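Participant: This is the structure I have questions about; it appears just below.
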Amino acid sequence: MKSINRFKKITAALALIATFGLGQSYAQTAPKKMEKEAKKTEQKAKEVKTKANETETKAKAAPAKAMEKKDAVAKEKSTQAKKVAETKAAPAEVKEKAVKKEASKTQKQMTAVKKDAVATADKATSEKYNGHTVYLGPKGGKYYINANGNKTYISDKK
């Protein structure tokens with residue numbers, strides 16, 4: 001009987017030691033896990049911030065790229081016009097038609113470049129006006145790009 005009581009006492013003591021030992025080890029690992037999770041969230045926040053900065057710089061660079069495209073189109077137009085003027089073998093009417101054709105091409109390209117520049121500079125809304133996308137200007141005015149590539153403002157009065 002004494003041996004059974006000793007056995008019970010020993011197992012009870014071991015159970016208490018095991019319980020305190022597990023509790024202590026959990027108390028040591030829980031803060032480490034929380035620190036790891038906090039570091040992960042900080043890293044994700046940094047990644048999101050860098051992506052936002054990248055998109056912002058791209059948005060700022062877009063109007064400059066549009067202007068570069070416009071300048072390149074203008075240079076190409078002038079060089080093509082010079083080439084057409086230099087060709088002496090073609091009659092005057094053929095030269096005139098070629099110049100008009102080139103002028104219309106460059107006009108279309110310039111309109112496309114203007115649309116690109118406007119679209120990137122100002123915020124497009126989900127609205128449509130006469131089949132055109134409506135843009136919101138920097139001061140809050142609403143406009144769309146007409147067939148000539150110019151801004152046409154929309155009045156708020158109806």
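Participant: In segment 104-139, what residues are at pLDDT 75 or above, of a type in the set (A, V, I, L, M, F, W, C), under 15 Å from ASN150 (Cα atoms) and surrounded by fewer than 16 Cβ atoms within 10 Å (Cβ to Cβ)?
Facilitator: LEU136
Participant: Look through LYS65, LYS88 and report the one residue that is out of contact with any Leu (no Cβ under 7 Å at 6 or more places or on another chain), part of a loop (DSSP other than H, G, I, E, B), modelled with pLDDT under 75 and more than 20 Å from TYR144 (Cβ to Cβ).
Facilitator: Result: LYS88 is the single residue among LYS65, LYS88 that is out of contact with any Leu (no Cβ under 7 Å at 6 or more places or on another chain), part of a loop (DSSP other than H, G, I, E, B), modelled with pLDDT under 75 and more than 20 Å from TYR144 (Cβ to Cβ).
The values are calculated or read from the model by the stated rules, or taken from the named source; none is laboratory data. Just so you know, these numbers come straight off a predicted model, no measurement behind them. Neighbour counts run over all protein chains shown; Cβ positions are idealised from the backbone, glycine included.
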